[in-house]
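Structure first, commentary second.
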Amino acid sequence: MNFSEVFKQSNQLCKISPDGKYLATCVQYRLVVREVSTLQILQLYTCLDQISHMDWSSDSLFILCAMYKRGLVQVWSLEQPDWHCKIDEGSIGLVSSRWSPDGRHILNTTEFHLRVTVWSLCTKAVSYIKYPKACQKGIDFSKDGCYMALAERRDCKDYVSVFVCDDWHLLRHFETETQDLAGLEWSPNGCVLAVWDSSLEYKVLLYSLDGRLLSTYSAYEWSLGIKSVTWSPSSQFLAIGSYDEKVRVLNHITWKKITQFEHLATINNTKVVYKEVEKRPTVRSDNLSLHNITIGTNLFNTQSKYEICPPPVQIPVVKPDPDRANPKIGVSTLAFSSDSRYLATKNDNMASVVWVWDMQKMSLEAVLEQTSAVRCFQWDPLRPRLALCTGNTKLYLWSPAGCVSVQVPTEGGFQVQSLNWHCGGDSLILLGKEQLCLCYMDTDQVDK
């Protein structure tokens, strides 16, 4: 495993292009584009204000930079650095900006969710979509880029509109059986649209492309309900994380529950529990020179390793405050591995623990107990390998073969706040508060 030098970034705005060749980072009002292979600067663009959001077009030819405070979007071209586009939403404001799947249209959501404006880069044509709903996930595109589903709120009722992305004509418009729609997501094969209600009512609705209600699922009533929803890449499973600390998995044939995973405080079975154990290095007096301390070496960095704990294992649980809104309880994060074999979950009142479930055996595969709260975890896009970080100077990796803790060897105590895999699965972007570095996997490690 090798690490690059450290580069500056702002607001965690750092993305690898979809083709995997370029790395775009934002530093205040500047956009820096580097080649991934050499990390040499390819282009440097200057925006009109500090960048709030940045995204690549699907073909990796254009980069969108949104400045929400100014209601502005600037678009830059990689092939023609002198060409650029500016979109000004004016006094109506801007809260969200995103690419359409074709990489030639930009969808801007105005303040107070008054409308979605579709801007064409090719023809400069403008289309308006009214009544978008302000919710957790109100817009989603099908994986093939053909359709867009939009959550709407009008006359105190929830609706979904399905648009064809070629010319933005309305394909279907239907009312949903929700009290307060919180989100929607297409299955990866584009056949089914999952719609779920707010946390006050446990309800998941499954619609076909033509707006027919295929199935409704509700696990319980009169208690806080759904906290997270995700499809498996194979479209066979829909995983639903809820406030009762359980994950329920629906199958794609009958849309009934086939299993549920519970996050128990005591693990009695023989599954592997990896516990991170910290060990402070012993510092010899001859190392305590002023030179060693001032250059910021890893002299005082805490080392850690994983130990396998025999059952029973007691998981640390934090009791949430019942008087505060959005209690830290329930399953907030769900992620399937690229082959749909494993599901990783995080239960918020067990913040330092990641659970890995085997979807073939429908059982617990591994538990990773960290010394600090888990900030972020993400699967390798090609292999069943999970990377996670906890806001310290280490990177953690899990695979069916085992677990490893790696010290990030940068000066000044680089703390990993979040991470992103390269689409080839051979490297990771590690993001600190104001810096980033790349972690390269050894080829023989990658092929295992």
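Count Lys and Arg as plus one, Asp and Glu as minus one, and take only other residues whose Cβ is under 12 Å from that of S58; the net charge is then -2.
The value of relative contact order for the chain, using C-alpha pairs under 8 Å at least six residues apart, is 10 percent. Please build a GNM for the chain, connecting alpha carbons under 10 Å apart, and tell me which residue among K271, K256, K279 fluctuates the most. Looking only at K271, K256, K279, the largest GNM fluctuation is found for K279. Surface composition of the range 131-262: carbon plus sulfur atoms hold 48% of the accessible area, using a 1.4 angstrom probe and ignoring ligands, DNA and RNA. With a ≥ b ≥ c the root eigenvalues of the C-alpha gyration tensor of the range 137-277, is it rounded (a/c under 1.5), prolate (a/b larger than b/c) or oblate? Verdict is prolate for the range 137-277. Per residue, the solvent-accessible area of the chain (1.4 Å probe, heavy atoms of protein chains only, all protein chains present) comes to 47 Å².
With a cut-off of 15 Å between beta carbons, the residues surrounding K328 carry a summed charge of 0, where Lys and Arg count +1 and Asp and Glu -1. Once R0 is set to 35 Å, what does the formula 1/(1 + (r/R0)^6) return for the Cβ-Cβ distance between D180 and E111, expressed as a FRET efficiency to the nearest 0.05? E(calc), rounded to 0.05, equals 0.95.
Per atom type, the range 325-373 shows carbon and sulfur on 45% of its accessible surface, probed at 1.4 Å.
With all protein chains in place and ligands, DNA and RNA left out, the 1.4 Å accessible area ranks D19, D144, D166 as D166, D144, D19, largest first. Please report the net charge: other residues with Cβ closer than 13 Å to the Cβ of T259, K and R +1, D and E -1. Charge balance near T259 sits at +3. Placing unit charges on the Cβ atoms of the charged side chains and taking the dipole of the range 325-448 about its Cα centre, the candidate lying farthest along the positive direction among G424, N347, C403 is N347.
A 1.4 Å probe over all protein chains sorts L78, L238, L264 by accessible area into L264, L78, L238, starting with the largest. Counting only residues at least eight positions apart within a chain, or on another chain, the aspartates and glutamates with an alpha carbon under 15 Å from that of K143 are D59, D102, D166, E185. Among the trypsin sites (Lys or Arg not before Pro) found in the range 328-411, those both in a DSSP coil and sparsely packed, with 14 or fewer other Cβ atoms within 10 Å of their Cβ, are K361. In a simple Cβ point-charge model (Lys, Arg +1; Asp, Glu -1; nothing else charged), the range 131-262 has a dipole of about 220 debye relative to its Cα centre.
Each label point was placed 7 Å from the Cα along the Cα-to-Cβ direction; for W222 and C85 their separation is 5.4 nm. Normalised by 2.2 N^0.38 Å, with N the number of residues, the alpha-carbon radius of gyration of the chain equals 1.04. Per-residue ellipticity at 222 nm, computed for the chain from helices alone with -39500 (n - 2.57) per DSSP H run of at least four residues, works out to -500 deg cm²/dmol.
Pairs with C-alpha atoms separated by more than 19 Å, drawn from the list K227/K271; K271/K346; K246/K346; K69/K137; K227/K257, are K227/K271; K69/K137.
Computed from the C-beta positions of V318 and E278, the FRET efficiency with R₀ = 25 Å rounds to 0.80. Put a plus charge on the Cβ of each Lys and Arg, a minus charge on the Cβ of each Asp and Glu, and nothing anywhere else: the dipole of the chain about its Cα centre is then about 540 debye.
Using a simple spin-label model with pseudo-atoms 7 Å out from Cα toward Cβ, Q303 and D442 lie 1.8 nm apart. Dipole of the chain computed with +1 at Lys/Arg Cβ and -1 at Asp/Glu Cβ about the Cα centre; of L193, Q415, F174, farthest Cα towards the positive end is Q415.
Sites counted here are GluC sites (Glu not before Pro) in a DSSP loop (not H, G, I, E or B) having no more than 10 other Cβ atoms within 10 Å; the longest part of the chain that contains none of them is 222-448.
The values are calculated or read from the model by the stated rules, or taken from the named source; none is laboratory data. Source: prediction; values computed, not measured. Note that each Cβ is placed from the backbone with ideal geometry, even for glycine, and that neighbours are counted across all protein chains shown. To get the accessible areas, we keep the full protein, side chains included, count just its heavy atoms, and leave off ligands, DNA and RNA. Shrake-Rupley method; radii C 1.70, N 1.55, O 1.52, S 1.80 Å.
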